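Participant: Below you'll find the structure I mean.
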Amino acid sequence: MKTVLNVKTDKEVKEKAQALAKHLGIPLSTIVNAHLKAFIATGEFSVSREPELRPEIIKEINRCIREVRTGRNMSPRFSNATDAIAWLNK
């Protein structure tokens, strides 16, 4: 048996959620039901977001990119696990 759930949310949140659900080809009600079922099953609620790219993180990412481009601090390629383990142990 189905029932109607009235939930107040910001207009922009609803519009963005509807647009994303439509893009994915999933009814928004399916997404809401899935989250409600997960909440019931686990008793937990979580929110995730994109990680904050602080200046020191961007600096570290750029350092790693430079090392990859120059081949610095990179292991050689191995054709088998034995050679890779031997390289790691030396």
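Participant: Here are some pairs, Lys16/Lys37; Lys59/Lys90; Lys14/Lys59; Lys37/Lys59; which of them have Cα atoms lying more than 32 Å apart in this structure?
Facilitator: Exceeds cut-off: Lys14/Lys59; Lys37/Lys59.
Participant: Modelling each spin label as a point 7 Å along the Cα-to-Cβ direction, I'd like the Ser48/Asn73 distance in nm, to one decimal.
Facilitator: So the label points at Ser48 and Asn73 sit 2.6 nm apart.
Participant: About the Cα centre, and with charges only on the beta carbon of Lys, Arg (+1) and Asp, Glu (-1), how big is the dipole of the stretch 1-48? Nearest 20 debye, please.
Facilitator: It works out to roughly 180 debye.
Participant: Assuming R0 = 30 Å, what is the FRET efficiency of Leu36 and Ile58, from their Cβ-Cβ distance, to the nearest 0.05?
Facilitator: 0.20
Here, each number is a calculation from the coordinates, and none is a lab measurement. Small disclaimer: the values here were computed from a predicted structure and weren't measured. All Cβ positions, even for glycine, are placed from backbone atoms using ideal geometry, and neighbour counts span all protein chains on display.
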